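*Asks:* Sharing a structure here in C-alpha cells format.
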Amino acid sequence: MLEGLTNSLVAFNKEIAVVVLAAMPVSELRGAIPLALAMEFSPFKAYVLAFIGNLIPVVPLLFFLQPVSEKLRHISIFEKFFNWLFERTRRKATLIEKFEALGLILFVAIPLPVTGAWTGCVAATLFKIRFRYAFAAVTAGVIIAGFIVLGLCMAGKCFYPAS
C-alpha cells in the first residue's frame, strides 16, 4: 500500500512525494531521505524536504492527540486502539519517562522503527510534557535523526527504494 501511494505521488510531483512520505507515521524521514536520494535530489534538498515533511504532523499531534483520544475512547474499537498505542509507547519510552524533554530528543533522534516524531508526540502526550518543550525536543530529535539517516545513506549503508 505504501509503495503504491509513493509511486502515485512520485508520478505527480517528486518533491511532494518526499514531503508526504516524511509526514507519514511509518516511514517518516527514515524512508523519505533514501527515496529523495534515489530520485537524485541533492543531499541538502533531500534533508530539507524530509525535515519539513516530518514536522508537518507534530503540532497537530501535540495539540490534539489527548483531546481526540479522550473523545474517541467512548467507542470500543478506538478505546482498544488508544490503549494499545499508549501502552506500546509507554513500554518503549523509558528514556523519556526518566529524562523528559532530553530523553524525548534522544528517543526521536534514534533512527529505528518505533522511534520518531509520531511516537515522540505520543510519548510527550503520555508523559504530559508541555507543548513548548515537546515541540523543541521533537524538532531537535528530527534534526539529529535526519543527519544520521543522511550520513548513513551517503556512506552507502542505506536502502534505496526502486526509483
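*Asks:* For the stretch 122-138, which residues satisfy the criterion of being surrounded by fewer than 17 Cβ atoms within 10 Å (Cβ to Cβ) and either hydroxyl-bearing (Ser, Thr, Tyr) or more than 19 Å from residue 64 (Cβ to Cβ) (or both)?
*Replies:* Once the filter is applied, which keeps residues that are surrounded by fewer than 17 Cβ atoms within 10 Å (Cβ to Cβ) and either hydroxyl-bearing (Ser, Thr, Tyr) or more than 19 Å from residue 64 (Cβ to Cβ) (or both), the stretch 122-138 yields only 133.
*Asks:* Here's a follow-up. Just to check your reading of the model, which residue among 62, 150, 104 is modelled with pLDDT of 90 or more, under 24 Å from residue 32 (Cβ atoms), touching a Cys at 6+ places or on another chain (Cβ under 6 Å) and of a type in the set (A, V, I, L, M, F, W, C)?
*Replies:* Answer to the check: 62.
*Asks:* In this structure, is residue 79 in contact with a helix residue (DSSP H, G or I) (Cβ under 9 Å, 6 or more places away or on another chain), modelled with pLDDT of 85 or more and charged (D, E, K, R)?
*Replies:* Spelling it out, residue 79 is indeed in contact with a helix residue (DSSP H, G or I) (Cβ under 9 Å, 6 or more places away or on another chain), modelled with pLDDT of 85 or more and charged (D, E, K, R).
*Asks:* Please name all residue pairs, on different chains or six or more residues apart, with Cβ atoms under 7 Å, provided the first residue is in the stretch 1-27 and is of a type in the set (Gly, Ala, Ser) and the second residue is surrounded by fewer than 21 Cβ atoms within 10 Å (Cβ to Cβ) and modelled with pLDDT of 90 or more.
*Replies:* Here the result reads 23/56; 23/57, each pair linking the stretch 1-27 to a residue that is surrounded by fewer than 21 Cβ atoms within 10 Å (Cβ to Cβ) and modelled with pLDDT of 90 or more.
Quick grid of which residues meet (1) under 22 Å from residue 59 (Cβ atoms); (2) in contact with a Leu (Cβ under 9 Å, 6 or more places away or on another chain); (3) crowded, with 16+ Cβ neighbours inside 10 Å; (4) of a type outside the set (D, E, K, R):
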| position | (1), (2), (3), (4) |
| --- | --- |
| 84 | no, no, no, yes |
| 87 | no, no, no, no |
| 107 | yes, yes, yes, yes |
| 120 | yes, yes, yes, yes |
| 142 | yes, yes, yes, yes |
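*Asks:* For the stretch 46-53, check the following and say yes or no: at least one residue is of a type in the set (Val, Ile, Thr), at pLDDT 95 or above and in contact with a helix residue (DSSP H, G or I) (Cβ under 7 Å, 6 or more places away or on another chain).
*Replies:* yes
*Asks:* Does the stretch 12-25 hold any residues that are among the hydrophobic types (A, V, I, L, M, F, W, C) and more than 13 Å from residue 53 (Cα to Cα), and which are they?
*Replies:* 12
Listed here are the residues, each with its yes/no results for (1) under 18 Å from the mean Cα position of the chain (by Cα); (2) not aromatic (Phe, Trp, Tyr).
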position	(1), (2)
51	yes, no
59	yes, yes
65	yes, yes
73	no, yes
78	no, no
92	yes, yes
102	yes, yes
129	yes, yes
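The values are calculated or read from the model by the stated rules, or taken from the named source; none is laboratory data. None of these values were measured; they are calculated from a predicted model. Please note: Cβ atoms are built from the backbone with ideal geometry, for glycine as well, and neighbour counts cover all protein chains shown.
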